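Chemist: Next up is a structure, given as structure tokens.
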Amino acid sequence: MSPSAANGVNGASAAQANKSSMPQFIGAIDQGTTSSRFLIFDEAGNVVSSKNIEFSQYYPQPGWHEHDPIEIVSSVEQCIDGAVESFLGQGHDLSSLKAVGITNQRETTVVWDKITGEPLYNAIVWTDTRSADLARSLKQRLGSKEVSDICGLPISTYPSVSKLLWLLENVEKVQEARRQGRLVFGTVDTWLVYKLNGGTERNVFVSDPTNASRTMFMNLEKLQYDDRLRDFFRLEDLELPKIVRSSDLKAYGSLAGTKLKGTRITGCLGDQSAAMVGQKAFYPGLAKNTYGTGCFLLYNVGEKPVMSTHGLLATVAFDFGDEPGQRMYALEGSIAVAGSSVKFLVNRLGLAGKSSEISALAETVEDNGGCVFVTAFSGLFAPYWIDDARGTVFGVTAYTEKGHIARATLEATCFQTRAILDAMKKDSGKALTELAVDGGMCNSDLTMQTQADIIGIPVSRPAMRETTALGAAIAAGLAIGVWKTFDDLKGINSEGKTMFTPRIKEETRQYRYGRWQKAVEMSKGWLGEATTKL
Ligand SMILES: Nc1ncnc2c1ncn2[C@@H]1O[C@H](COP(=O)(O)OP(=O)(O)O)[C@@H](O)[C@H]1O
Ligand SMILES: O=P(O)(O)OC[C@H](O)CO
């Protein structure tokens, strides 16, 4: 490692680092799709205090999914205050909490008024498919192939730009704000940093490359906005947040309120990149799969982006600086629906009282009873990119029980992960020998065993599953020198892993996966060309 990298990220020299033996703590805001959290980590990566709040999900029409931007911020603030209260109750001193990192759901799009700082519409969530027609017409536009090559993402409903263009076409308040030069657009990291810094008071307007890369405005190699992309989307006049490193002493400002008023924000990563950092997948060839609302497999490809030819995305793993090894790219397989299908069984179908009970329900039967559930609630993302599929259960007979549906639901994410691993092998030329996992749904032993069975390699689950938050804490801690090199992080969360090893024969694996492939084929085209109601 070069001298300055050895001295920490972004100039936090060893001299600057706190040399006293006083314990130091780092806070992590984890703003996910279904809940906000604040966790406080010690230097050994242990969680000493945390608070979690589930917030409202709005589904105003089929395929639409919104959040209230104000509730996003207030839930985060409440989590901070709750966790800090318990931290203080344990006898810790506030001054020992040195910095805060942020990690967030990506692509979700917020628009607000520059003068008032107030949202102009609900946040359009990454899963939202209202822009399907718009995305289809963008794909027909001259230069669409070049666009994907520059930013690493396929044109679809998924990136922020589709949501933003929908807002500009359909919401008068947004159109008016644009005319008056008052329109501000940001992903959730930008919105949170802006609001937590006091909004219009300080006007901190930034994003890190792992988040900015999900808008479709960023040149993946240069980590800066690209005029060709803005031109393509006809958004030349749009002011965009400044792209700054994922770990930075000054760029993200500090908290203007809460019990942590004055504490610096020194790290910021999109949640999938944060999970990668939390799993310490710092080097090429390492990967992780996070089973949250969706499921995202990221594979570290090294210091240059690799463009997929098999349905994967190219993205930024993390950007900790210019030194060798400090900026890495990843190939990503994005699954739109994972834990959300479990929530669907609980909240919409009432098959159980809570998510963790779905696994138990699935265990009441020996297998899926011939059912395959293509959980295409938002179409199918990687590696298929089928926007006209919708959730479909195949193979239902009079024999089918709730348990079979529960099992087929859990299996769907495992099958899609298999499809992504196959695509990743084709893109990278290498096969994974073990899959590191995390996220809410990985708490289901049955799902993780099924995953190992279907991909035919061991699945490794860490003892501490809050790897996304840990990644944000690491980004923040590296900036201020709590940890100085990746080697300092070696011991963190490395003990007590659970290994799930494949237990089925290759023949059975192929048969089961073959059924899934057939179901995906059959789910295509459900919506047809028209997505609007007649
Ligand atoms: N024991 C479990 N079995 C299956 N799914 C679970 C379990 N526990 C949580 N989940 C699912 O995990 C998701 C929450 O995971 P989390 O990592 O917190 O996601 P997010 O960051 O997207 O909010 C929910 O969709 C929930 O249904
Ligand atoms: O809410 P999660 O954890 O499934 O992650 C959301 C992703 O960032 C969307 O790209």
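The values are calculated or read from the model by the stated rules, or taken from the named source; none is laboratory data. Computed from a predicted structure; not experimentally measured. A quick note on method: Cβ atoms are made from the backbone with ideal geometry, for glycine too, and the neighbour counts reach across all protein chains shown. Note: areas computed on protein heavy atoms with side chains; ligands, DNA, RNA excluded. Shrake-Rupley method; radii C 1.70, N 1.55, O 1.52, S 1.80 Å.
Chemist: Please go through the stretch 302-319 and give me each residue that is more than 14 Å from ligand 2 (Cβ to nearest atom) and surrounded by 24 or more Cβ atoms within 10 Å (Cβ to Cβ), ordered by number.
Modeler: The answer is F318, D319.
Chemist: State the number of residues belonging to the stretch 394-426 that are modelled with pLDDT under 95 and either touching a strand residue (DSSP E or B) at 6+ places or on another chain (Cβ under 6 Å) or hydroxyl-bearing (S, T, Y) (or both).
Modeler: 1
Chemist: Now for a separate question. Under the condition of being within 16 Å of ligand 1 (Cβ to nearest atom) and not small (G, A, S), which residue from the stretch 416-441 is surrounded by the fewest Cβ atoms within 10 Å (Cβ to Cβ)? It would help to see each step written out before you state the result.
Modeler: Residues of the stretch 416-441 within 16 Å of ligand 1 (Cβ to nearest atom): 416-417, 436-441.
Add one more test, that the residue is not small (G, A, S), and what stays is 416-417, 437-438, 441.
On the way: Q416: 30, T417: 24, V437: 27, D438: 27, M441: 28.
So, considering only residues that are within 16 Å of ligand 1 (Cβ to nearest atom) and not small (G, A, S), the one surrounded by the fewest Cβ atoms within 10 Å (Cβ to Cβ) is T417.
Chemist: Report whether or not M499 is in contact with a Pro (Cβ under 9 Å, 6 or more places away or on another chain) and either surrounded by 11 or more Cβ atoms within 10 Å (Cβ to Cβ) or at pLDDT below 95 (or both).
Modeler: Numbers: in contact with a Pro (Cβ under 9 Å, 6 or more places away or on another chain): yes; either surrounded by 11 or more Cβ atoms within 10 Å (Cβ to Cβ) or at pLDDT below 95 (or both): yes.
Judged against the criteria, M499 is a match.
Chemist: With (1) under 16 Å from M276 (Cβ atoms); (2) in a helix (DSSP H, G or I) as the list, and A519 as the residue in question, which single condition is left unmet?
Modeler: Checking A519 against (1) under 16 Å from M276 (Cβ atoms); (2) in a helix (DSSP H, G or I), the one that fails is (1).
Chemist: Let me ask something else about it. If I filter the stretch 323-335 for residues that are under 14 Å from the mean Cα position of the chain (by Cα), within 13 Å of ligand 1 (Cβ to nearest atom) and without any contact (Cβ under 8 Å) to a residue 60 or more places away in the chain, do I get at least one hit? Walk me through how you get there before you give the answer.
Modeler: Start the filter on the stretch 323-335 by keeping residues that are under 14 Å from the mean Cα position of the chain (by Cα), which leaves 330-335.
Narrowing the set further to residues that are within 13 Å of ligand 1 (Cβ to nearest atom) leaves 334-335.
Subsequent filtering for residues that are without any contact (Cβ under 8 Å) to a residue 60 or more places away in the chain retains none.
No, the conditions are met nowhere in the stretch 323-335.
Chemist: Now for a different question. Could you list, in sequence order, all residues of the stretch 207-255 that are part of a strand (DSSP E or B) and either open to solvent by 10 Å² or more (accessible area, probe 1.4 Å) or of a type outside the set (S, T, Y) (or both)?
Modeler: Correct list: M218, N219, Q224, Y225, K242, I243, S254.
Rundown of residues vs (1) open to solvent by 40 Å² or more (accessible area, probe 1.4 Å); (2) more than 30 Å from L286 (Cα to Cα); (3) hydrophobic (A, V, I, L, M, F, W, C); (4) in a strand (DSSP E or B), yes/no style:
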position	(1), (2), (3), (4)
M328	no, no, yes, yes
G333	no, no, no, yes
V337	no, no, yes, no
F344	yes, yes, yes, no
G370	yes, yes, no, no
V396	yes, yes, yes, no
C414	no, no, yes, no
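Chemist: Let me ask something else about it. Out of G270, G292, G278, which single residue is within 16 Å of ligand 1 (Cβ to nearest atom), small (G, A, S) and open to solvent by 10 Å² or more (accessible area, probe 1.4 Å)?
Modeler: Unique residue meeting the criteria: G292.
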